[in-house]
Structures are given as C-alpha cells and as structure tokens.
1. Find the residue count for region 320-335, including only residues that are away from ligand 2 (no atom under 13 Å from the Cβ) and either open to solvent by 90 Å² or more (accessible area, probe 1.4 Å) or modelled with pLDDT of 95 or more (or both).
2. Looking at Phe33 and the list (1) within 30 Å of Pro273 (Cβ to Cβ); (2) touching a Ser or Thr at 6+ places or on another chain (Cβ under 7 Å), which single condition is not satisfied?
3. May I ask you to list the residues in region 282-327 that are polar (S, T, N, Q) and within 13 Å of Pro186 (Cβ to Cβ)?
4. Out of the residues in region 222-235 meeting the condition of being open to solvent by 50 Å² or more (accessible area, probe 1.4 Å) and out of contact with any strand residue (DSSP E or B) (no Cβ under 6 Å at 6 or more places or on another chain), tell me which one is nearest to ligand 1 (Cβ to nearest atom).
5. Would you say Ala113 is surrounded by 21 or more Cβ atoms within 10 Å (Cβ to Cβ), more than 26 Å from Asp220 (Cα to Cα) and over 18 Å from the mean Cα position of the chain (by Cα)?
6. Scan region 9-53 residue by residue and report those that are within 16 Å of ligand 2 (Cβ to nearest atom) and either buried (at least 21 other Cβ atoms within 10 Å of the Cβ) or assigned to a helix (DSSP H, G or I) (or both).
7. Among (1) buried (at least 21 other Cβ atoms within 10 Å of the Cβ); (2) within 15 Å of ligand 2 (Cβ to nearest atom); (3) polar (S, T, N, Q), where does Asn196 come up short?
8. Look at Asp89 and say whether it is of a type outside the set (Lys, Arg), out of contact with any Phe, Trp or Tyr (no Cβ under 7 Å at 6 or more places or on another chain) and crowded, with 16+ Cβ neighbours inside 10 Å.
Amino acid sequence: MKNLLITGGAGFIGSNFVRYVLNRYPDYRTIVFDKLTYAGNLDNLRDVEKHPRYAFIRGDICDASAVERAVREHNIDTIVNFAAETHVDRSIMDADAFIKTDIYGTYVLLEAAKKFGLRYHQVGTDEVYGWVEQGRSIEEDRLLPRSPYAASKAGADLLIHAYVITHRVAATMTRGANNIGPYQYPEKVVPLFVTNAIDNKPLPLYGDGKQVRDYQFVLDHCEAIDLVLHRGKIGEFYNVGTGQETENIVMARMILKMLGKPESLIQPVADRPGHDRRYALDVTKLRALGWEPAHNFEEALQKTVQWYVENEWWWRKLKSGEYLEYYKKQYVERK
Ligand code: NAD
Ligand code: TYD
C-alpha cells in the first residue's frame, strides 16, 4: 500500500483519516477525491494542503470515468471510501442523493477496484443493524435498516459482500458507531448542541431524549480503520465502537456543564420518524486484532467541546446560507 484514494476525504471522518495517515506512514500518499457537497469542506484539510504527499481532486464517486482517471493518474493501489450522504434527518426529507452516492457510488468504486485490482475498504455504519432492543449487534446479524440513510448504507454493504465473493475484490469493511471530534458538520447532534450552547441557543432534543448511542472519538475510529486495512481479513466486516452507552439527554447535560450553560437550554422537540432508540455493538472481533479505544465518552466529549470552543473560525461560517434553510425546515417548522 502506497497510494491511497480517500473518497469523501474532505468530510468529517475522512479529513481526520488523511491527517492520521500522513502522520503515521511516511511513505504513503493520500489523494482525496471528493464532490464537495454541503458537508465537504476544504477547511477540514487546510493544515495539510501543501503537504508533499497530499493531493486533492474534486469529483463524484458516481462518475466512473473521473474515478478511473484518478486511479490511473495517481497510480492508486488502495481505495478507502468515506464518501456518502450521511445525515439521517436529511434522508427522511429526501433520499435521492443517498441512493445515488451511497449505493451507486459504492458500485462505481467496486468496479474500479475490480478493474484495476485495488485493495478496497468501506467505511460503514452500525445503523444498518437497526434498533437494537436487547444485547449487542455482531457482524453476522441480520441487516434491518430503519432509515433511508441506513438502508442505502446497507445496500453498499451487500454489494461489497457480493463483489468479494463473485469478483474476488480484496475488500474489508468497518461498521462504526457515532463519531465525535474536530471538523464534524454542525448538523450532527454533538456539534449542533455544542455550537448552539456557545451561542445560548436552544438544544433541540428529539422525543424523550432517552435514545442510546455509543459516541466514539473520531481518531479511535481512524485507528480501527487503519488496523482493518492492514490486518483485517479480506471479505470480513468489523464493528467499531467503545461499547459505552449514553442517552442523548445525558450527553446534552454534559455538554452544558462543560460549557457552564444552564440546563434550561434543552428544548424537547417532536421525535424523529422511525427513530432508532438504541444502537449497541459487540466489538470482540476488532479487539481480537489488538484494538482498544484510547478515549472513553467523557474524554471524547471534552476534547470535542474544547475544539469547537477554540475553532469558531471553522464552524461559524458554516452556520449560514444552506445550513439556515435546512435548520428552518428541520427545526422551526417541526410539528
Ligand atoms: P460527512 O458527511 O462529514 O462527509 C462526507 C463526505 O463525502 C463529504 O466531504 C462530501 O463532500 C463527500 N461526498 C458526498 N457525496 C459524494 C460523492 N457523490 N462523490 C464524492 N464525494 C462525496 O460524513 P462523515 O461523518 O465523515 O462520514 C464518513 C463515512 O463514515 C460515511 O460513509 C458514513 O456513512 C460513515 N460513518 C459515519 C459515522 C459518523 O458518526 N459520522 C459513523 C459511522 C460511519
Ligand atoms: P445524529 O447525530 O443525527 O446521529 P444518528 O441519528 O445517525 O445516530 O443523532 C444522534 C442522536 O441524537 C439520535 O438519537 C438523534 C438525536 N438528535 C437530537 O435529539 N436532536 C437533534 O437535533 C439531532 C440532530 C439528533
């Protein structure tokens, strides 16, 4: 492995992964291939812009000729795919782009992997298992997605499984729990709550706030992806999470406490349709490869809150234009 095509590398997790790889592997080149949707942002990569082992290509993973050109021009041997439409609430409003990018786009990348004999890694999500009422999801569990986002990601998972078997594509896949950390677009709950709280604005908490998520620090997730990329078994899926469960109401209170803001900022709003009340992963398989998360939830949240406090330059300008239109549709007109 030397020349990595990091699709979706201008987004939250992808940009953290680029920085991680450049620091960790002195002989790797990272080529970011990203459409720059509302969620893609070159500010996320500003500090590596001039790095000699970094390049950026603006392109759509649904465009096969653009993908092939990138592979040829940069002598790519590995694709790590982060590119996706990622926000559940947007997928409820309009799923069109989710089906296109998350399913068709993955198909295009798999075709390129097949044609050029590339190593392929897919960054997947725990949401494909659906609401886990009891116990923990293992990799062999049935996929029961309940949102259009989760369904489109599950479609990609199945395509990867099929390409490994039918076409012998050398693919692996991780299914990660919710990430938090630097450079997360402020539509996702943690950066939304942190930035609203900084501005003394309400924190819109869906339903009773007792939904459970496993919020993990983004760099722990990047390490797990790296591990599976290098040591994972071809054709295998690996869950990635801390195993720690936190209710949204608890997370909201902790953010307010860390920022010294009153709990009265929490504003209960109508629940999300089809809201998954709990995700919970069994991460035994990944731990067997030698992975342990370096942060527990509180440490991850503390670092995240601190980063948003110190980096207003990054998020303040995002909360304008398209974001405000989305915010109005999602929250102000919410019944
Ligand atoms: P993000 O929304 O921050 O970034 C997505 C990136 O993909 C953006 O840079 C966007 O411009 C790019 N993109 C979208 N459509 C594209 C297309 N057609 N062609 C090329 N680029 C395109 O997402 P994220 O939170 O960084 O998530 C990255 C990956 O990790 C996704 O596949 C997501 O499903 C998965 N994941 C995310 C989480 C999480 O908590 N954020 C958890 C588990 C898995
Ligand atoms: P989100 O960050 O959208 O991630 P996902 O739904 O993909 O897990 O939401 C995380 C949790 O926070 C989820 O249970 C929904 C809840 N939530 C709110 O209560 N209010 C909000 O404004 C948002 C965006 C999410």
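The values are calculated or read from the model by the stated rules, or taken from the named source; none is laboratory data. The structure presented is a predicted model; accordingly, all values stated were derived computationally and were not measured. Positions of Cβ are generated from backbone atoms using ideal geometry, with glycine treated the same way; all protein chains shown enter the neighbour counts. In case anyone asks, the SASA skips ligands and DNA or RNA and just uses the protein heavy atoms, side chains included. Shrake-Rupley method; radii C 1.70, N 1.55, O 1.52, S 1.80 Å.
1. Just the residues of region 320-335 that are away from ligand 2 (no atom under 13 Å from the Cβ), to begin with: 320-322, 324-325, 328, 333, 335.
With the extra rule that they be either open to solvent by 90 Å² or more (accessible area, probe 1.4 Å) or modelled with pLDDT of 95 or more (or both), the set shrinks to 324-325, 328, 333, 335.
The qualifying residues number 5.
2. Result: Phe33 passes all but (1).
3. Quick first cut of region 282-327, residues polar (S, T, N, Q) only: 284, 296, 302, 304, 306, 311, 320.
If the condition is that a residue be polar (S, T, N, Q) and within 13 Å of Pro186 (Cβ to Cβ), then Thr304, Asn311, Ser320 are the ones that fit.
4. So in region 222-235, the residues open to solvent by 50 Å² or more (accessible area, probe 1.4 Å) come out as 223, 230-231, 233-234.
Remaining after also requiring out of contact with any strand residue (DSSP E or B) (no Cβ under 6 Å at 6 or more places or on another chain): 223, 230-231, 233.
Working: Glu223: 14, His230: 19, Arg231: 20, Lys233: 20 Å.
Ranking the qualifying residues of region 222-235, first place goes to Glu223.
5. Details: surrounded by 21 or more Cβ atoms within 10 Å (Cβ to Cβ): yes; more than 26 Å from Asp220 (Cα to Cα): yes; over 18 Å from the mean Cα position of the chain (by Cα): yes.
Yes, satisfied.
6. Step one: of region 9-53, the residues within 16 Å of ligand 2 (Cβ to nearest atom) are 11-13, 38-39.
Scanning region 9-53 gives Gly11, Phe12, Ile13, Ala39.
7. Among (1) buried (at least 21 other Cβ atoms within 10 Å of the Cβ); (2) within 15 Å of ligand 2 (Cβ to nearest atom); (3) polar (S, T, N, Q), Asn196 violates only (1).
8. Yes.
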